[in-house]
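Peer 1: Before we start, here is the structure in question, set down as structure tokens.
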Amino acid sequence: MSDLSTEEIKILEGLSKEEILAKLKSEAEEQHKSRKTFFGRDIISIHELSREGILHILKHSKGMKETPQPDLLQGYVMGSCFFEPSTRTRLSFETAMSRLGGKIIGFAEAGVTSAKKKETLYDSMKIIGQYVDVIAMRHPMEGAAQRAAEATDKPILNGGDGSNQHPTQTLLDLFTIQECQGKLDNLNIAMIGDLKYGRTVHSLAQALTNFNATLSFVAPESLQMPNYICDDLDKHGVKYTLYEKIADVVSSADILYMTRIQEERFPDKMEYEKIKNTYVLDSKMLISAKPNMRIMHPLPRVNEIATDVDHTPHAYYFEQAHNGLYVRQALLGLVLGKLT
Amino acid sequence: MTSEQKTPEDLRAFKVYAIKAGTVIDHIQVGRAMKIIDILKLASHKSTVTVGLNFPSSNLGRKDIIKVENRELSPEEANRVAIFAPNSTINIIRNFKVADKFKVKIPEIINKIIVCPNPTCITNNETMSSCFHVSHNGDINIIKLRCKYCEKIFIHDDIREYKS
């Protein structure tokens with residue numbers, strides 16, 4: 001308490017013991033979120049990152065893209081623990097580690113692990129944590145990355161836990177937006193497609209609360225952004241509008257963030273048939289777009305972006321996937337203490 | 001006689017007798033008593049448990065009440081009650097007298113006792129404890145429970161199962 005100013009002591013004197021404890025806890029959490037030292041830290045959820053923390057990661061991602069560091073993680077080993085199939089996330093994590101000079105052990109499906117023998121995730125991760133310096137993981141159960149983080153003191157990088165979090169995807173989305181727009185603040189960002197079940201759009205919307213974005217949500221009513229996300233946006237004073245047609249947002253958007261609508265999400269197949277072609281973007285729809293507008297997509301796409309869009313200056317989804325490599329390199333360097 | 005006037009049958013003493021020792025959980029929001037029976041595992045309590053539903057209440061209009069004989073709720077147990085009945089009062093009874101009386105307090109974190117309603121939450125697929133962060137927007141009757149693991153947010157009515 002000796003470090004407190006007279007004014008701070010006066011404020012604390014007016015509070016109950018519980019209020020003081022709550023205040024100190026809240027301040028400690030804020031400090032934890034905003035600290036720029038990522039050494040030894042797990043990256044489980046985008047909620048744990050402040051604006052400053054996000055910008056720090058993006059700064060290092062840019063550095064990685066501009067200046068390769070082939071020996072940065074020499075002597076380090078990454079556990080690549082993918083309990084369910086993944087293409088881009090797993091390969092980009094493994095390429096990231098490899099291009100920094102590190103080594104990789106791991107698996108690409110749960111069927112080849114002791115999970116098949118009913119070993120708990122906790123035990124598996126505790127043991128793997130003893131072999132490696134950092135773990136990148138994906139698991140079909142929500143909360144699995146948090147559980148893994150409790151099992152080992154090695155940093156966990158969450159590459160997707162069920163429908164819950166995929167923070168490295170959100171960071172690469174933010175990095176891509178910053179790269180193609182030259183800034184992250186005050187942008188008009190439209191999210192299109194399956195906004196109800198899509199974890200990428202949930203996390204991105206929540207991350208954008210740090211950057212004063214104006215959001216547009218374009219989806220059929222049954223697949224609109226869930227209330228709990230909208231409540232969160234309201235709490236942060238984020239402006240957002242709901243739409244049903246892509247044409248309503250093309251001319252005002254800086255970013256069109258497309259997602260795939262999956263047939264299995266519709267209990268009524270007639271309803272799917274009615275809307276399946278409503279959320280498809282083709283080059284003719286881009287005539288009114290601003291020159292700086294860029295189209296993003298977490299991929300894989302099916303038919304929601306026609307291939308003729310690929311050749312327009314607005315297409316940016318392949319660059320977006322490429323950027324995952326640099327963001328994951330930055331995260332590996334940061335949590336292993338080789339970047340500060 | 002108007003409906004506001006009490007008949008002898010309305011008097012509490014006729015409906016629920018006083019207990020010698022134990023706990024009276026009073027001012028429970030109507031309809032929540034059975035959840036509290038569940039959460040405190042009172043159905044398996046060895047002594048008598050009396051449950052009163054829809055009692056007239058000057059503050060709440062109607063209320064539920066639970067009397068548990070020969071068991072004093074701990075502060076931690078009382079806080080569990082707060083999840084479902086945030087306005088309730090705990091009376092500790094010794095020798096027919098109220099020895100202690102306090103309002104329940106909503107805990108910030110609830111460990112172990114609530115089963116996460118999300119079937120694909122890791123807590124439902126591994127031997128481990130659940131953990132929920134509790135919040136409300138000023139109205140303690142509408143609390144939100146956020147699972148530490150799957151990060152999903154639930155309200156009272158979503159909660160179906162408990163662990164002791």
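Peer 1: Within the stretch B:61-78, does at least one residue satisfy the condition of being within 22 Å of B:Asp100 (Cβ to Cβ) and in contact with a Pro (Cβ under 9 Å, 6 or more places away or on another chain)?
Peer 2: yes
Residue-by-condition table, conditions (1) on the phi > 0 side of the Ramachandran plot; (2) within 12 Å of chain A (Cβ to nearest Cβ); (3) in contact (Cβ under 8 Å) with a residue 60 or more places away in the chain; (4) outside any helix (DSSP H, G or I):
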site	(1), (2), (3), (4)
B:Glu126	no, yes, no, yes
B:Ile140	no, no, no, yes
B:Arg146	no, yes, no, yes
B:Glu151	yes, yes, no, yes
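Peer 1: Out of A:Leu15, A:Leu24, which single residue is assigned to a loop (DSSP other than H, G, I, E, B), at pLDDT below 95 and outside the structural domain of A:His139 (by TED's automatic domain parsing)?
Peer 2: The unique qualifying residue is A:Leu15.
Peer 1: Determine, yes or no, whether A:Lys290 is more than 20 Å from the chain's Cα centre (by Cα), farther than 22 Å from A:Leu171 by Cα and modelled with pLDDT of 95 or more.
Peer 2: Yes: the conditions hold for A:Lys290.
Peer 1: I'd like to verify a number: residues in the stretch A:99-110 that are surrounded by 16 or more Cβ atoms within 10 Å (Cβ to Cβ) and not hydrophobic (A, V, I, L, M, F, W, C), how many?
Peer 2: Counting residues in the stretch A:99-110 that are surrounded by 16 or more Cβ atoms within 10 Å (Cβ to Cβ) and not hydrophobic (A, V, I, L, M, F, W, C) gives 3.
Peer 1: Regarding B:Pro86, is this residue within 14 Å of chain A (Cβ to nearest Cβ) and not aliphatic (A, V, I, L, M)?
Peer 2: no
Peer 1: Here is a list: A:Tyr197, A:Tyr243. Which entry is within 27 Å of A:Asn277 (Cβ to Cβ), touching a helix residue (DSSP H, G or I) at 6+ places or on another chain (Cβ under 8 Å) and surrounded by fewer than 21 Cβ atoms within 10 Å (Cβ to Cβ)?
Peer 2: Testing whether each residue is within 27 Å of A:Asn277 (Cβ to Cβ), touching a helix residue (DSSP H, G or I) at 6+ places or on another chain (Cβ under 8 Å) and surrounded by fewer than 21 Cβ atoms within 10 Å (Cβ to Cβ) leaves just A:Tyr197.
Peer 1: Okay, moving on. Just to be sure before I move on: is A:Ser124 closer than 18 Å to A:Leu339 by Cα, in contact with a helix residue (DSSP H, G or I) (Cβ under 8 Å, 6 or more places away or on another chain), of a type in the set (S, T, N, Q) and in a helix (DSSP H, G or I) in the structure I sent?
Peer 2: So A:Ser124 fails the test.
Peer 1: In this structure, is A:Glu119 of a type in the set (Asp, Glu) and assigned to a loop (DSSP other than H, G, I, E, B)?
Peer 2: It is true that A:Glu119 is of a type in the set (Asp, Glu) and assigned to a loop (DSSP other than H, G, I, E, B).
Here's the yes/no breakdown for (1) touching a Ser or Thr at 6+ places or on another chain (Cβ under 7 Å); (2) buried (at least 24 other Cβ atoms within 10 Å of the Cβ); (3) hydroxyl-bearing (Ser, Thr, Tyr):
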position	(1), (2), (3)
A:Val112	no, no, no
A:Met125	yes, yes, no
A:Gly129	yes, no, no
A:Met137	no, yes, no
A:Ala144	no, yes, no
A:Asn164	no, yes, no
A:Leu171	no, yes, no
A:Gln178	no, no, no
A:Gln181	no, no, no
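Yes/no matrix, rows are residues, columns are (1) touching a Lys or Arg at 6+ places or on another chain (Cβ under 6 Å); (2) under 30 Å from B:Ile155 (Cα atoms); (3) at pLDDT below 95:
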site	(1), (2), (3)
B:Ile37	no, yes, yes
B:Lys41	no, yes, yes
B:Ser44	no, yes, yes
B:Ser47	no, no, yes
B:Leu53	no, yes, yes
B:Arg62	no, yes, yes
B:Glu77	no, yes, yes
B:Phe96	yes, no, yes
B:Lys105	no, yes, yes
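Peer 1: In addition: Which number in (1) surrounded by fewer than 19 Cβ atoms within 10 Å (Cβ to Cβ); (2) on the phi < 0 side of the Ramachandran plot marks the one condition that A:Asn212 misses?
Peer 2: (2)
Peer 1: Please find, among A:Asp232, A:Asp254, the residue that is within 25 Å of B:Glu151 (Cβ to Cβ), surrounded by 15 or more Cβ atoms within 10 Å (Cβ to Cβ) and assigned by TED's automatic domain parsing to the domain that holds A:Tyr197.
Peer 2: A:Asp232
Peer 1: Could you tell me whether any residue of the stretch B:103-122 is within 17 Å of B:Thr23 (Cβ to Cβ), under 17 Å from the mean Cα position of the chain (by Cα) and away from chain A (no Cβ under 14 Å)?
Peer 2: Yes, because at least one residue in the stretch B:103-122 is within 17 Å of B:Thr23 (Cβ to Cβ), under 17 Å from the mean Cα position of the chain (by Cα) and away from chain A (no Cβ under 14 Å).
The values are calculated or read from the model by the stated rules, or taken from the named source; none is laboratory data. Note that the structure is predicted; figures quoted are calculated from it, not measured. Heads up, the Cβs are rebuilt from the backbone with ideal geometry, glycines too, and the neighbour counts pull from every protein chain shown.
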